[in-house]
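K.L.:
Sharing a structure below in structure tokens format, with a few things to ask.
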Amino acid sequence: MEKKISVLPGDGIGPEVVASAVRVLQVIGKRFNHTFHLSYATIGGAAIDQHNNPLPDETIEMCENSDAVLLGAVGGPKWDNNSPELRPEKGLLRIRKHFDLFANLRPVKAFPSLLDASPLKREVAENVDLMIVRELTGGVYFGEPRMRTENGAIDTTVYSTAEVERIVENAFELARLRGGKLCSVDKANVLETSRLWREVVEAKKKEYPDVQVEHNLVDSVAMKLITNPGHYDVVVTENMFGDILSDEASVITGSLGVLPSASIRGDNFGLYEPVHGSAPEIAGQGVANPAATILSVAMMLQYSFGLKEEAAEIERAVSAVFDDGYFTADLASDGSRILSTNEWTDKVINEIDT
Ligand code: GGG
């Protein structure tokens, strides 16, 4: 198989973890006889520095001519005082919107060998395997008006019925494939957009009699996700709630550094990135955990290219390296061996080679 992949390393630890993931991708290509053509471009702060634009036209054009996009992370204190249009995060929001990547899949799987790194009790975290389906192109991150007023500021949460329908349908399909359990998360006791969300889920559920549905308020889920995460399988929610809950879910896995994501739209094209941000405080030190980006490559192979065996091989290799007791600094525990980003990636690559 031959595929074109756009690579957008971004800012902070983005370039370091993306370099690791690309090394793994190339090894997989060699082992399974695929050719991955990689092209690189800037996004976020790096793009602001070079082009005075967090998402330059040439980056969009390159991605348009690709089968998938691999992204690192955006953001950093260097650009904190920029105007809203010239913030790195704007590049990320715009690329998601430009490509209509409305469904953000964020799997949360507890690796058995990382249970000691989680502050949760072993019996609470073990066997957790859930999927957060985050709506990605609507809600308060995109709604207008957004502005400063004379005495404050305004952000606006907007959802059309069609926008809710398509993400909810996506979640129902996934729940059907995974075991038939769906939790829809909203704030329907307060927000009008959440009441719409709940109505859409109720209507859609008639088409999926095999899926068991519950509605939970986001504040309640914020608690239950870390007291009883095993209760959940597929969790569908709006943009901001999904952003927050998926970071919270990293407590289950021991580190945000192991959570991958896929942003998709229903065809084969997709954007793959770690859930974590640019972590400027550790950038350039070679200590970042590349697992989330490596696992995002596995999601790319599976969702965009249909390469299930190759994706499973990456997941197996990552898990085996953890099982052998090798970790990056974020996952350190007594008796573990702490490796640099590159050393840890070498272990994954050796595992795939053997
Ligand atoms: N790789 C994820 C990343 O760079 N996150 C930074 C960020 O701006 N996140 C906001 C969001 O995901 O909506």
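K.L.:
Give me the percent relative contact order of the range 119-253, please, defined on Cα pairs under 8 angstrom at least 6 residues apart.
P.N.:
38
K.L.:
How much of the DSSP bridge set in the range 119-253 is antiparallel, in percent, rounded to the nearest 5?
P.N.:
Numbers: 3 of 17 bridges.
Percentage antiparallel, nearest 5: 20.
K.L.:
Kindly rank 200-212, 310-322 from highest to lowest mean number of other beta carbons found within 10 Å of each residue. Show your work: numbers first, answer last.
P.N.:
Values: 200-212: 14.5, 310-322: 20.2.
Result, highest mean first: 310-322, 200-212.
K.L.:
Here's a follow-up. By per-residue mean of other Cβ atoms within 10 Å, what is the highest-first order of 67-73, 242-248, 170-176?
P.N.:
Packing proxy ranking, top to bottom: 67-73, 170-176, 242-248.
K.L.:
Just for the chain, what percent of DSSP beta bridges are antiparallel, to the closest 5?
P.N.:
Of the beta bridges lying entirely in the chain, close to 40 percent run antiparallel.
K.L.:
Normalised by the residues of the chain, what does the relative contact order come to in percent, with Cα pairs under 8 Å and at least six apart?
P.N.:
Rounded, it is 21 percent for the chain.
K.L.:
If amide H atoms are built 1.01 Å from N in the plane of the peptide, which residues on other chains or at least 5 residues away come under 5 Å of the amide H of V235?
P.N.:
M131, I132, V133, C183
K.L.:
Check which residues have an amide H placed less than 5 Å from D67's amide H, if you skip close sequence neighbours.
P.N.:
Result for D67 returns K4, I5, S6.
K.L.:
Once a ≥ b ≥ c are taken as the square roots of the eigenvalues of the Cα gyration tensor of the range 156-302, is the result rounded (a/c under 1.5), prolate (a/b larger than b/c) or oblate (a/b not larger than b/c)?
P.N.:
Numbers: a/c = 1.81, a/b = 1.58, b/c = 1.15.
Taking the square roots of the gyration eigenvalues as a ≥ b ≥ c, the range 156-302 is prolate.
K.L.:
Using +1 at the C-beta of Lys and Arg and -1 at the C-beta of Asp and Glu, which of L120, N170, V234 has the Cα lying farthest in the positive direction of the dipole of the range 119-253?
P.N.:
Checking the options against the dipole of the range 119-253, the answer is L120.
K.L.:
Under 5 Å between amide hydrogens, which residues at least 5 positions from G72 or on another chain qualify, with H placed 1.01 Å from N in the peptide plane?
P.N.:
L8, G10
K.L.:
I would also like to ask the following. If the chain between L177 and T156 were fully stretched, how many nm would it gain, using 0.36 nm times the residue separation less the Cα-Cα distance?
P.N.:
Working: separation 21, 0.36 × 21 = 7.56 nm, distance 3.43 nm.
Net length gain for the segment: 4.1 nm.
K.L.:
Going out from 0 in 5 Å bins, what whole percent of all Cα-Cα distances in the range 138-200 drops into each bin?
P.N.:
The percentages, shortest bin first, are 4, 16, 19, 20, 16, 11, 6, 4, 2, 1, 0.
K.L.:
From the alpha carbon gyration tensor of the chain, can you work out the equivalent ellipsoid semi-axes (sqrt of 5 times each eigenvalue) and give them in Å, largest to smallest?
P.N.:
30, 26, 21
K.L.:
Then there is this: Taking the Cβ of each residue in E169, E150, E281 as the centre, tally the other Cβ atoms inside 10 Å and list the residues starting with the fewest.
P.N.:
Numbers: E169 17, E150 4, E281 10.
Arranged by neighbour count, lowest to highest, E169, E150, E281 become E150, E281, E169.
K.L.:
Counting Lys and Arg as +1 and Asp and Glu as -1, each charge on the Cβ, what is the dipole of the range 119-253 about the Cα centre in debye, to the nearest 20?
P.N.:
With only Lys, Arg, Asp and Glu charged at Cβ, the dipole is about 220 debye.
K.L.:
Further question: For the chain, set up a Gaussian network in which alpha carbons nearer than 10 Å are linked by springs, and say which option among E135, E163, E214 fluctuates the most.
P.N.:
E214
K.L.:
What are the ³J(HN,Hα) values, in whole Hz, obtained from phi via the Karplus relation 6.51 cos²θ - 1.76 cosθ + 1.60 with θ = phi - 60°, for each residue of the range 95-106 in sequence order, with x given for Gly and Pro?
P.N.:
These are the phi-based 3J(HN,Hα) values: 5, 4, 5, 4, 9, 6, 7, 7, 10, 9, 8, 10 Hz.
K.L.:
Farthest toward the dipole's positive end in the chain, which of T149, I95, G266, given Cβ charges of +1 (Lys, Arg) and -1 (Asp, Glu) about the Cα centre?
P.N.:
Towards the positive end, the residue furthest out is G266.
K.L.:
What are the ³J(HN,Hα) couplings of the range 202-215, residue after residue, when phi is run through the Karplus curve with 6.51, -1.76, 1.60 and θ = phi - 60°? Round to Hz, x for glycine and proline.
P.N.:
4, 5, 5, 4, 5, 7, 10, x, 7, 9, 8, 10, 10, 9
K.L.:
With contacts defined as alpha carbon pairs under 8 Å and 6 or more residues apart, what's the relative contact order of the range 258-354 in percent?
P.N.:
Taking the mean separation of contacting Cα pairs over the length of the range 258-354, I get 25 percent.
A short reminder: the numbers here are calculations on the coordinates, not readings from a lab. Every value quoted in this text rests on a predicted model; they were computed, and no experiment measured them. Every residue, glycine as well, gets a Cβ built from its backbone with ideal geometry; the counts of neighbours run over all protein chains shown.
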